[in-house]
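*Asks:* Sharing a structure, written as structure tokens. Questions coming.
The values are calculated or read from the model by the stated rules, or taken from the named source; none is laboratory data. Just so it is clear, the structure is predicted and the values come from calculations on it, not from any experiment. Cβ placement follows ideal geometry from the backbone for every residue including glycine, while neighbour counts extend to all protein chains displayed. Each accessible area value is taken on the protein alone, full model and side chains, heavy atoms only, with ligands, DNA and RNA left out. Shrake-Rupley method; radii C 1.70, N 1.55, O 1.52, S 1.80 Å.
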Amino acid sequence: MNDPLPVFVKPTADEDVPEHVRHAPKDSSNGASDLTHDDMMHAASATHMLTKPMWDMKPFSAMLAVVGIILVVFFALFVDYADTPDDADNYQLFIHVCIMIFVGFGFLMTFLKRYSLAAVCLNYITSVFVVLEAILVFGAFEYADSSTNMRFIKLDIFLLVNALFAAGAGMITFGALIGKVSPLQILIILFLQVPLWAANVVFVFSRGFLLQGADDAGGAIAIHTFGAYYGIAATFVAFRNKPNLGAGHERNSANYTSNVTSLIGTIFLWILWPSFNGIFTGDARMVSFANTVISISGATLATFAIAPFLSESGRINVVMVQNATLAGGVAIGAVPDLKIGAGVVLLVGFGAGILSCVGFAKLGPFMERKLGVRDTCGVHSLHGMPGVYGGIVGVCALLALGSPAAATAEFGFLAVTIVIAVAGGGAAGFVSTLVDKVTSDDRHSVLAYEDHTVFEFDDV
């Protein structure tokens, strides 16, 4: 299979492209220019406009169509409406979670200066894809033994929220891979993720097939830890041997405008995080709302306090503001419904913010440099480490409240989640490399972090 190389339109000013690039000889086997990596990057930057998408989008669209047809059949056969009264209060929280997934995560990833459009659009379609798949898969796992009727999957507000939570885990995974994968590859990775995520939540957590009593109402373990390590494993397997796709890539960076739009996502997530953590906490919702506000506020304060000390310039790194300020919401998600004390909750938020900042400043670059983990959005620093930290907080809180069995279950759920996520993500990353193959690192660099590889639009 030939690499999906770009075909450039002649730029308006020929002098913008070096002479040797404009007149480079062609390889008749695949139509590619005999150019160096720097030459191709120069040409891409000088033209922007392409005569066709770099990635062939037809297989992506074909997969959506085929899966869509299958969903129609399965929904018709197995899905019915739950016999529940109107649920206006829960619907409001459902809307909050929707905004977090589609607006919060979508705009948070717009920091990439030449991939902002793809960030929002691919976040949009893949979230919809995961929600529909999760209604079936999670619904089947949850309701399979509760009805003899063929249409046993019952649509209620909580199934819809769980489907959105599946999309949340998926978008965290997407954050580790964004800009490097083709749309078809990310669709395959997320398609394979949903059954593993649902099985972990239903069988390991909710039903406690291994250990019972774990608390994870806000998904610090089930959503954030799972999504992060699934994505980290996938990007490691798929891209560890492609150093040109890492932090040094010309387009793997932000500009003033993309940093501002990313902060829009941050603010939406910050405001709505209490609803995310509290929707499944029942009578303890007010405790969950309060704990989340206090913890996420602590992370915000800690981020602005420590960021200058982690920067060589002595200024505040906006990446930390966009991400680490949210780490308190992740961490307290393991036990948002427990009355562990407002001071303790604030301390948890401080710790999460500091941990996340250190991750962005030190650990993330180390993991790329030494391990080949090319984590585009830094999901390990925002979701992975704070999620694990939150799980440990949960263990300590349950022990302090006199529930050693529940604390053991919490630790076991954390460990099992990481194992399933890493194994599943690694396998999915490998499967994704079997499609849209790009054999050359240099050629892949031309494809990466560029909106025009996916979408047709007028570039202003």
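*Asks:* Between segment 100-125 and segment 211-228, how many Å separate their Cα centres?
*Replies:* Rounded to whole Å, the Cα centres lie 25 Å apart.
*Asks:* Round to the nearest 10 and give me the degree value, 0 to 90, for the angle of helix 342-358's Cα axis relative to the longest principal axis of the chain.
*Replies:* 20 degrees
*Asks:* Separate question: Any idea what the dipole of the chain comes to, in debye rounded to 20, about its Cα centre with Lys/Arg Cβ at +1 and Asp/Glu Cβ at -1?
*Replies:* On the way: 23 positive and 36 negative charges, 155 e Å.
Its charge dipole is roughly 740 debye.
*Asks:* Is the C-alpha gyration tensor of segment 96-251 telling us rounded, prolate or oblate? Criteria: a/c under 1.5 is rounded; beyond that, a/b larger than b/c is prolate, otherwise oblate. Write out the running numbers ahead of the final one.
*Replies:* Numbers: a/c = 2.20, a/b = 1.80, b/c = 1.23.
Judged from the Cα gyration tensor, segment 96-251 comes out prolate (a/c at least 1.5, a/b above b/c).
*Asks:* Using only alpha carbons, build the gyration tensor for the chain and give me the equivalent ellipsoid semi-axes, biggest first, whole Å. Write down the numbers at each step before the final one.
*Replies:* Values: eigenvalues 300, 143, 68 Å².
Sorted largest first and rounded, they come to 39, 27, 18 Å.
*Asks:* Amide H neighbours of LEU155 under 5 Å, counting only residues 5+ apart in sequence or on other chains, H built in-plane at 1.01 Å?
*Replies:* The answer is ASP80, TYR81, ALA82.
*Asks:* Heavy atoms only, probe 1.4 Å: what % of the accessible area of the chain goes to carbon and sulfur, would you let me know?
*Replies:* Carbon and sulfur atoms account for 66 percent of the accessible area of the chain.
*Asks:* Express in whole angstrom the spacing between the alpha-carbon centres of segment 307-343 and segment 264-285.
*Replies:* That distance is 15 Å.
*Asks:* Further, regarding this structure: Tell me, what is the FRET efficiency for GLU456 and VAL67 to the nearest 0.05, using R0 = 22 angstrom and their Cβ-Cβ distance as r? Walk me through the numbers on the way to the answer.
*Replies:* Values: r = 23 Å, r/R0 = 1.06.
Rounded to the nearest 0.05, the efficiency is 0.40.
*Asks:* Report the full-extension gain for the segment GLN92 to ASN255: residue separation times 0.36 nm, less the Cα-Cα distance, to one decimal in nm.
*Replies:* Values: separation 163, 0.36 × 163 = 58.68 nm, distance 3.50 nm.
Working it through step by step, the gained length comes to 55.2 nm.
*Asks:* Continuing with the same structure: At 25 °C and a viscosity of 0.890 mPa s, what translational diffusion coefficient does Stokes-Einstein give for segment 207-299, taking Rh as the Kirkwood radius over Cα pairs? Give it in µm²/s as a whole number. Spell out each step's value before the answer.
*Replies:* Numbers: Rh = 16.6 Å.
In µm²/s, the coefficient rounds to 148.
*Asks:* Can you list the HN-Hα couplings for segment 387-397, worked out from phi with the Karplus curve (6.51, -1.76, 1.60; θ = phi - 60°), rounded to whole Hz and with x for Gly and Pro?
*Replies:* Each residue of segment 387-397 in turn: x, 5, 4, x, x, 5, 4, x, 4, 5, 5 Hz.
*Asks:* While we're on this one: Relative to the longest principal axis of the chain, what angle (0 to 90°, nearest 10) does the C-alpha long axis of helix 157-177 take?
*Replies:* 40 degrees
*Asks:* With a probe of 1.4 Å, find how much accessible area segment 182-327 has per residue, and write the answer as a whole number in Å². Write out the running numbers ahead of the final one.
*Replies:* On the way: 5470 Å² over 146 residues.
Here the residues of segment 182-327 average 37 Å² of exposed surface.
*Asks:* Still on this model: Please work out how much length the chain gains when fully extended from LEU155 to LYS370, using 0.36 nm per residue of separation minus the C-alpha to C-alpha distance, in nm with one decimal.
*Replies:* Details: separation 215, 0.36 × 215 = 77.40 nm, distance 4.68 nm.
Contour length minus Cα-Cα distance gives 72.7 nm.
*Asks:* For the Cα atoms of the chain, what angle does the longest principal axis make with the long axis of helix 256-278, in degrees from 0 to 90, nearest 10?
*Replies:* 20 degrees
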